[in-house]
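Here the structure comes first, spelled out in structure tokens, and everything after it is commentary.
The values are calculated or read from the model by the stated rules, or taken from the named source; none is laboratory data. Remember, predicted model here, so these are calculated numbers, not experimental data. Heads up, the Cβs are rebuilt from the backbone with ideal geometry, glycines too, and the neighbour counts pull from every protein chain shown.
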Amino acid sequence: MTADLVIHGGTVVTDTTTFPASVAIKDGRVLSIGAREAMPDAAETLDATGLHILPGAIDVHVHFREPGYTHKEDFGTGTAAAAFGGVTTVFDMPNVIPPTGTGEALAAKQKLASEKAYVDYGLYGLLGEDTIAHVPDLVAGGVIGFKLYMGNTFGNIPSPTTGGMLEAFEVVAPTGKRVSLHAETASIMARRESRLRAAGRKDPLAHLAARPAVVAVEAVSRAAVLSEWTGCRIHVLHISSAEELRPLADAKARGVDVTGETCPQYLLLGAEDYGRIGPVIRVNPPVREARNQAPLWAALKSGVVDMIATDHAPHIPDEKVRDDIFTVDCGFPGVETQMPLMLTEVAAGRMSISDYVRWSAVNPAKVWGLYPHKGILQPGAHADIAIVDLKRAWTIDDQKLQSRAKITPWHGRAVTGLPIHTLVRGRFVMKDRTLVESARGTGRSVHTVQDMPAPCVANPDAAMTEIVKVPASSRGPAATGAAA
Ligand SMILES: [Zn+2]
């Protein structure tokens, strides 16, 4: 058998070990990994001497802004940024125009993504009080999971009441899909922010003052109760504080199927950076006091926090540098810089390269049912690969980023480690730090309905939730017209 590509001379990284090996690829999958002499003939070879071969990162939290906000980003620029960042699969959020809350909106977004994407992608469906009836259509249309906004953020998606959340969880639970939560309690933040505004505060630190960590503690605790009651799987997005780790760990200890992610900005930035970075640092949840960093690192190591994501949330410079912090758009790009920032911490000895692979690829793949097709390099797996130079020292320059939004808090930061080549299902999407234009439109939607282990359900009368299943006749017109 002739392989399509054999990569020689590199060091393969898994979540448990690293070893020198060649990697043969055929039909988009890993054919074999082993000694150079054991490799089959190949149509193409790549010399990876001195480089490390990682499973491509799976970033379960990006906002590629399409449709509706394409002056900030689109699936072409966003997935190009992913390719340059060694990220081979992204999960895109639903706060676009129209929100991804109906089968029709999902189908339109699937089409846009499939035409432009350089890397594979999953699309989240919006779970709000007015989209509960659309859950069956969103599942049928191939969502990777659902996003529920307990707190306000960009796009002004209304937060459901606790009653609405409970019903939403009851409807999603039997589908096996996971609900990813923006776990900040809206009503607390609304009151804090209005008091701060009334007091004339508009400096960057007022943003942090408006969202004390109790907003996350309350939201994670409440969501865990509803998850336990219904058996609905949940995922806590962008964990920013030491305090919310306790309700998360408690829920895991009770057997609740809850997972969590943190992001580079919470591991590496602190309140003292607001002065240096200015309004660009505004993000939800806010970058918190530096004392939170060590507990977040410890939670990754212990498994309380399962993975690293980025919350890649691009805005253009005009939207990020306003005098009144409460008018600055929230978020900044991250999908392209996550891997270099984290590899810098590997170089500094904060974690091992295998730890990084576990948090960036293996765990996300397992949590969303993509493993072992994705997230690991072994025979049979998708050849989703980041080939990186762990020793390359360079400086992040916003102007050189692929993202359309060329403004981040990372500008000028010295890092060590750079993806040199990125492959998605065996196809180069970035080669020698150059975008492979012909790979545009080759990214594909990933969605796997997981096996359903018996859920942890605290409600002894769980069967009664049948009564809230939404009858087809009550679905909205967009759903019934889903054939379009
Ligand atoms: Zn987000």
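Exactly one condition in (1) without any contact (Cβ under 8 Å) to a residue 40 or more places away in the chain; (2) away from the ligand (no atom under 16 Å from the Cβ) is not met by L245; state its number.
(1)
Pick from region 157-170 the residues that are within 17 Å of W229 (Cβ to Cβ) and surrounded by fewer than 22 Cβ atoms within 10 Å (Cβ to Cβ): which of them is nearest to the ligand (Cβ to nearest atom)?
P160
One line per residue, one yes/no per condition, for (1) away from the ligand (no atom under 16 Å from the Cβ); (2) surrounded by 18 or more Cβ atoms within 10 Å (Cβ to Cβ); (3) more than 29 Å from G334 (Cα to Cα):
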position: T175; (1), (2), (3): yes, yes, yes
position: S194; (1), (2), (3): yes, no, yes
position: K202; (1), (2), (3): yes, no, no
position: H235; (1), (2), (3): no, yes, no
position: A249; (1), (2), (3): yes, no, no
position: V256; (1), (2), (3): yes, yes, yes
position: G270; (1), (2), (3): yes, no, no
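In region 367-379, how many residues are closer than 20 Å to H238 by Cβ and not β-branched (V, I, T)?
Selection size over region 367-379: 1.
Check region 234-241 and report whether any residue there is free of Cβ contacts under 8 Å to residues at least 12 places away in the same chain and not polar (S, T, N, Q).
no
In region 45-65, which residues are within 29 Å of E319 (Cα to Cα) and more than 15 Å from the ligand (Cβ to nearest atom)?
Residues of region 45-65 that are within 29 Å of E319 (Cα to Cα), as a first pass: 57-65.
Residues satisfying the conditions are A57, I58.
Limited to region 50-100, what total is found for residues that are of a type in the set (S, T, N, Q) and assigned to a strand (DSSP E or B)?
2
Table: residues versus (1) among the hydroxyl-bearing types (S, T, Y); (2) at positive phi; (3) crowded, with 18+ Cβ neighbours inside 10 Å.
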{"position": "H312", "(1), (2), (3)": "no, no, yes"}
{"position": "D324", "(1), (2), (3)": "no, no, no"}
{"position": "D329", "(1), (2), (3)": "no, no, yes"}
{"position": "P333", "(1), (2), (3)": "no, no, yes"}
{"position": "S360", "(1), (2), (3)": "yes, no, yes"}
{"position": "I376", "(1), (2), (3)": "no, no, yes"}
{"position": "D384", "(1), (2), (3)": "no, no, yes"}
{"position": "R392", "(1), (2), (3)": "no, no, no"}
{"position": "D398", "(1), (2), (3)": "no, no, yes"}
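So T11 passes all but one of these: (1) touching a Ser or Thr at 6+ places or on another chain (Cβ under 6 Å); (2) at pLDDT below 95. Which condition number does it fail?
Unmet condition: (2).
Among the numbered criteria (1) part of a helix (DSSP H, G or I); (2) within 16 Å of the ligand (Cβ to nearest atom); (3) under 19 Å from the mean Cα position of the chain (by Cα), which one does D355 miss?
Unmet condition: (2).
Looking at A361, is it in contact with a strand residue (DSSP E or B) (Cβ under 6 Å, 6 or more places away or on another chain), within 16 Å of the ligand (Cβ to nearest atom), among the small types (G, A, S) and within 28 Å of D384 (Cα to Cα)?
Details: in contact with a strand residue (DSSP E or B) (Cβ under 6 Å, 6 or more places away or on another chain): yes; within 16 Å of the ligand (Cβ to nearest atom): no; among the small types (G, A, S): yes; within 28 Å of D384 (Cα to Cα): yes.
No; evaluated as a whole, the condition is false for this residue.
Please tell me if T310 is within 16 Å of the ligand (Cβ to nearest atom), hydroxyl-bearing (S, T, Y) and either closer than 24 Å to N95 by Cα or out of contact with any strand residue (DSSP E or B) (no Cβ under 9 Å at 6 or more places or on another chain) (or both).
yes
It is to be established whether one or more residues within region 128-141 are more than 21 Å from A107 (Cβ to Cβ) and modelled with pLDDT under 95.
There is at least one residue in region 128-141 that is more than 21 Å from A107 (Cβ to Cβ) and modelled with pLDDT under 95.
I'm trying to understand the selection: among the residues of region 71-103, which are within 16 Å of the ligand (Cβ to nearest atom) and charged (D, E, K, R)?
Those that are within 16 Å of the ligand (Cβ to nearest atom) and charged (D, E, K, R): K72, E73, D92.
Confirm whether V179 is within 16 Å of the ligand (Cβ to nearest atom) and touching a His at 6+ places or on another chain (Cβ under 8 Å).
Spelling it out, V179 is indeed within 16 Å of the ligand (Cβ to nearest atom) and touching a His at 6+ places or on another chain (Cβ under 8 Å).
For (1) more than 16 Å from the ligand (Cβ to nearest atom); (2) over 30 Å from I420 (Cα atoms), each residue gets a yes or a no:
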| position | (1), (2) |
| --- | --- |
| A105 | yes, yes |
| K111 | yes, no |
| S114 | yes, no |
| Y118 | yes, no |
| D130 | yes, yes |
| G141 | yes, yes |
| G155 | no, yes |
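So, in region 275-307, of the ones that are out of contact with any strand residue (DSSP E or B) (no Cβ under 9 Å at 6 or more places or on another chain), more than 16 Å from the ligand (Cβ to nearest atom) and not in a helix (DSSP H, G or I), which residue ends up nearest to S354 (Cα to Cα)?
Checked region 275-307; the qualifying residue nearest to S354 (Cα to Cα) is G303.
Name the residues in region 143-153 that are out of contact with any Cys (no Cβ under 8 Å at 6 or more places or on another chain) and within 11 Å of the ligand (Cβ to nearest atom), would you?
Let us first name the residues in region 143-153 that are out of contact with any Cys (no Cβ under 8 Å at 6 or more places or on another chain), namely 143-152.
If the condition is that a residue be out of contact with any Cys (no Cβ under 8 Å at 6 or more places or on another chain) and within 11 Å of the ligand (Cβ to nearest atom), then K147, Y149, G151 are the ones that fit.
Restricting to region 185-234, what's the tally of residues that are outside any helix (DSSP H, G or I) and of a type in the set (D, E, K, R)?
Qualifying residue count for the region: 5.
Can you tell me which residues in region 368-412 are in contact with a strand residue (DSSP E or B) (Cβ under 6 Å, 6 or more places away or on another chain), of a type in the set (S, T, N, Q) and without any contact (Cβ under 8 Å) to a residue 40 or more places away in the chain?
If the condition is that a residue be in contact with a strand residue (DSSP E or B) (Cβ under 6 Å, 6 or more places away or on another chain), of a type in the set (S, T, N, Q) and without any contact (Cβ under 8 Å) to a residue 40 or more places away in the chain, then T395 is the only one that fits.
Would you check if L226 is of a type outside the set (K, R), at pLDDT 95 or above and more than 15 Å from the ligand (Cβ to nearest atom)?
When the stated conditions are applied, L226 passes them.
So that you can scan it fast, the table gives a plain yes or no per residue for (1) surrounded by fewer than 24 Cβ atoms within 10 Å (Cβ to Cβ); (2) touching a residue at least 12 places away in the same chain (Cβ under 8 Å); (3) touching an Asp or Glu at 6+ places or on another chain (Cβ under 6 Å); (4) among the polar types (S, T, N, Q):
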site: A42; (1), (2), (3), (4): yes, yes, no, no
site: T49; (1), (2), (3), (4): yes, yes, no, yes
site: A57; (1), (2), (3), (4): no, yes, no, no
site: V62; (1), (2), (3), (4): no, yes, yes, no
site: K72; (1), (2), (3), (4): no, yes, no, no
site: T89; (1), (2), (3), (4): no, yes, yes, yes
